[in-house]
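Below is one structure, written out as structure tokens; comments come after it.
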Amino acid sequence: MKTAWLDESFREHESDGFYIIAGTILDPASEADARRAMRSLKGPRHTAKLHWTEMDRAERKDATRIVAAQKGLHVVSIGAPVPQRRQERARSKCLSALAVELHGFGISHLCLEARQEELNARDVRTVAAVRQTVLPRGTVMRAEHVPGAKEPLLWISDIVAGAVRTERLGDSRYTDLLGETLIDFDVSTDC
């Protein structure tokens with residue numbers, strides 16, 4: 001079962017809001033090395049996990065370089081518009097579109113950062129709906145939620161989502177570092 005590691009970033013705004021879900025696909029043989037790289041990047045921080053919003057520019061640059069050096073591919077859905085209080089609808093649209101794209105890469109297991117139980121259940125229903133109505137009959141695809149502090153591979157997707165968010169706000173220095181390891185696409189959220 002091939003896994004993609006998913007995390008999100010979003011910006012609520014009446015006219016310029018967007019929602020990003022980044023899915024990281026790694027060669028299973030390189031996952032242990034990627035976990036070590038993420039843990040070393042976290043270093044002695046007094047936080048449970050590595051998080052883009054807590055990094056300064058130099059740390060973001062280093063983190064993005066380390067992510068780009070991993071043997072992986074980052075597939076990112078970017079939904080817009082996302083007006084205030086509509087991020088869950090946007091998330092559902094982005095997750096649906098991303099699940100379809102990831103299926104094309106042979107992914108059957110989506111590992112998402114855990115949120116509140118009710119929100120996790122929404123994600124599971126979204127993926128189940130895609131599996132039942134969009135993907136070919138008999139397709140296996142499931143969603144699982146894991147606390148971000150327990151799975152450093154989710155931190156990679158956090159960094160990718162942060163880099164794409166920063167690009168959407170006008171600064172491409174981090175997505176430029178990701179280069180050809182990054183595939184992103186737009187999703188209409190109908191919000």
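Descriptive notes on the structure:
- When the criteria are applied in full, Val127 fails the requirement of being farther than 12 Å from Ala22 by Cα, modelled with pLDDT of 95 or more, touching a helix residue (DSSP H, G or I) at 6+ places or on another chain (Cβ under 9 Å) and surrounded by fewer than 15 Cβ atoms within 10 Å (Cβ to Cβ).
- Cβ-Cβ contacts under 9 Å between residues 6 or more apart (or on different chains), taken from a first residue in region 134-150 that is touching a residue at least 40 places away in the same chain (Cβ under 8 Å) and closer than 15 Å to Ile21 by Cβ to a second residue that is surrounded by 13 or more Cβ atoms within 10 Å (Cβ to Cβ) and among the aromatic types (Phe, Trp, Tyr), are listed as Gly148/Trp155.
- Some residue of region 50-73 being aromatic (Phe, Trp, Tyr), closer than 24 Å to Val100 by Cα and touching a residue at least 40 places away in the same chain (Cβ under 8 Å): no
- Residue in region 130-158 that is surrounded by the most Cβ atoms within 10 Å (Cβ to Cβ), counting only those that are aliphatic (A, V, I, L, M) and touching a Ser or Thr at 6+ places or on another chain (Cβ under 6 Å): Ile156
- Selection status of Ile66, under 18 Å from Thr175 (Cα atoms) and part of a helix (DSSP H, G or I): yes
- Enumeration of residues in region 98-157 that are of a type in the set (S, T, N, Q), closer than 29 Å to Arg39 by Cα and out of contact with any Lys or Arg (no Cβ under 9 Å at 6 or more places or on another chain): Gln116, Asn120, Ser157
- Of all residues making up region 132-173, the number that are over 16 Å from Gly72 (Cα atoms), part of a helix (DSSP H, G or I) and not aliphatic (A, V, I, L, M): 10
- Every residue from region 52-109 that is touching a strand residue (DSSP E or B) at 6+ places or on another chain (Cβ under 7 Å), surrounded by fewer than 15 Cβ atoms within 10 Å (Cβ to Cβ) and of a type in the set (A, V, I, L, M, F, W, C): Phe105
- Answer residue from region 52-86, given it is of a type in the set (Ser, Thr, Tyr) and touching a helix residue (DSSP H, G or I) at 6+ places or on another chain (Cβ under 6 Å) and is nearest to Phe18 (Cα to Cα) among those: Ser77
- Test: residue in region 11-21 that is free of Cβ contacts under 8 Å to residues at least 24 places away in the same chain and among the hydroxyl-bearing types (Ser, Thr, Tyr): no
The values are calculated or read from the model by the stated rules, or taken from the named source; none is laboratory data. Computed from a predicted model, the values in this text were never measured in an experiment. Every residue, glycine among them, receives a Cβ derived from its backbone with ideal geometry; neighbour counts consider all protein chains shown.
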